[in-house]
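Student: Starting off with a structure, shown below.
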Amino acid sequence: MRTKKVVLALAAIALVIAVLFVCAKKTGQQDNTKRIGIISAMGNEVEMLLSEAEIDHVDKIGDLEYHVGTLRGHPVVISKSGIGKVRASSGVTAMLNNYNIESVMFTGIAGGVADETEVLDVVIATKLVEHDYGRMTNEGLTWTSGDPGAGVQDGEYYIADPKLVDMAYEAASEVVGKEHAYKGVVATGDQFIASETYVKRLQDMYNAYACEMEGASLAVVCIKYDVPFIVIRTLSDKADGKAHESYANMGTIAAENSNKIILNMLEDME
């Protein structure tokens, strides 16, 4: 009887080990394949990419899903982080910690800031800045540049990878036309901007072309991990008093344009 119990116990242990081994093989930490990380804030910002990709499996890390597979012949990991700086930074950190990521592409929508931009134009971030970083006093927010230890370059900006910037700009020019594609500063903060007054502030302080809620926080993490990154934004609104209405009407179309740019970039990559 005792021998039978020992055999059963050993069999149970072997089964547990086998299950753990199978599960471990499906995690990013066991996968040494170099992959391109693609991340967005919202589901409609990666919906087209997921429909075009060949997904091998989906890993759940925390409450986020990481879709592992290939897209246009390239190994990729695709994820939706959630809206805002904290969610974006935690989402990309988990991605970099669990997969062998060679570059990160952020795809999504934004509010237009530069006067010359219009809804559905594209802004490729050359630099990113946290416009809500600073000290709050009785006189209001006093902006200060980010912590140099967090990867701030060029004074106060986080610099996107120049090669990826050029590739994204060329792809954007193919998707929306060169007259609707821009390269410039993208301002990040934890607010949906719908204010002409604040747009003027973003113009005057940073010469920003667009504003959004995730890019600079993703940039901080990528710089810390020494991983090249790009932020691609199609404008869903002009960040003015009509921003909510324009976002509701044009958000999905804008998101699809950003996805098309990602697909074009992947097709042009060796």
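The values are calculated or read from the model by the stated rules, or taken from the named source; none is laboratory data. The model shown is predicted, which means the values in this text are computed figures rather than measured ones. Because the Cβ atoms are built from the backbone with ideal geometry, glycine has one as well, and the counts that use them run over all protein chains shown.
Student: For region 143-161, how many residues meet the condition of being out of contact with any helix residue (DSSP H, G or I) (no Cβ under 6 Å at 6 or more places or on another chain) and either modelled with pLDDT of 80 or more or among the hydrophobic types (A, V, I, L, M, F, W, C) (or both)?
Tutor: 6
Student: Moving to a separate point now. Of the numbered conditions (1) crowded, with 18+ Cβ neighbours inside 10 Å; (2) assigned to a strand (DSSP E or B); (3) of a type outside the set (A, V, I, L, M, F, W, C), Thr142 satisfies every one except a single condition; which is it?
Tutor: Evaluating Thr142 over (1) crowded, with 18+ Cβ neighbours inside 10 Å; (2) assigned to a strand (DSSP E or B); (3) of a type outside the set (A, V, I, L, M, F, W, C) leaves (1) as the failure.
Student: Same structure again: Considering only region 37-73, state which residues are surrounded by fewer than 16 Cβ atoms within 10 Å (Cβ to Cβ), touching a strand residue (DSSP E or B) at 6+ places or on another chain (Cβ under 7 Å) and touching a residue at least 24 places away in the same chain (Cβ under 8 Å).
Tutor: Matches in region 37-73: Gly43, Glu52, His57.
Student: Just to be sure, is Ala88 of a type in the set (A, V, I, L, M, F, W, C) and crowded, with 23+ Cβ neighbours inside 10 Å?
Tutor: Criteria met by Ala88.
For every residue, the table says whether it meets (1) within 19 Å of Tyr133 (Cβ to Cβ); (2) more than 15 Å from the chain's Cα centre (by Cα).
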position	(1), (2)
Ala172	no, yes
Glu179	no, yes
Gln191	yes, yes
Met205	yes, yes
Ile230	no, no
Ser246	no, yes
Thr252	no, yes
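Student: Can you tell which of Ser236, Ser246 is closer than 16 Å to Val113 by Cα, out of contact with any helix residue (DSSP H, G or I) (no Cβ under 6 Å at 6 or more places or on another chain) and among the small types (Gly, Ala, Ser)?
Tutor: Unique residue meeting the criteria: Ser246.
Student: Find the helices (runs of 4 or more DSSP H) located wholly in region 169-270 whose residues include 1 or more that are free of Cβ contacts under 8 Å to residues at least 40 places away in the same chain and farther than 25 Å from His74 by Cα, and list them.
Tutor: Once the helices (runs of 4 or more DSSP H) in region 169-270 are filtered for at least 1 residues that are free of Cβ contacts under 8 Å to residues at least 40 places away in the same chain and farther than 25 Å from His74 by Cα, what remains is 196-206, 243-268.
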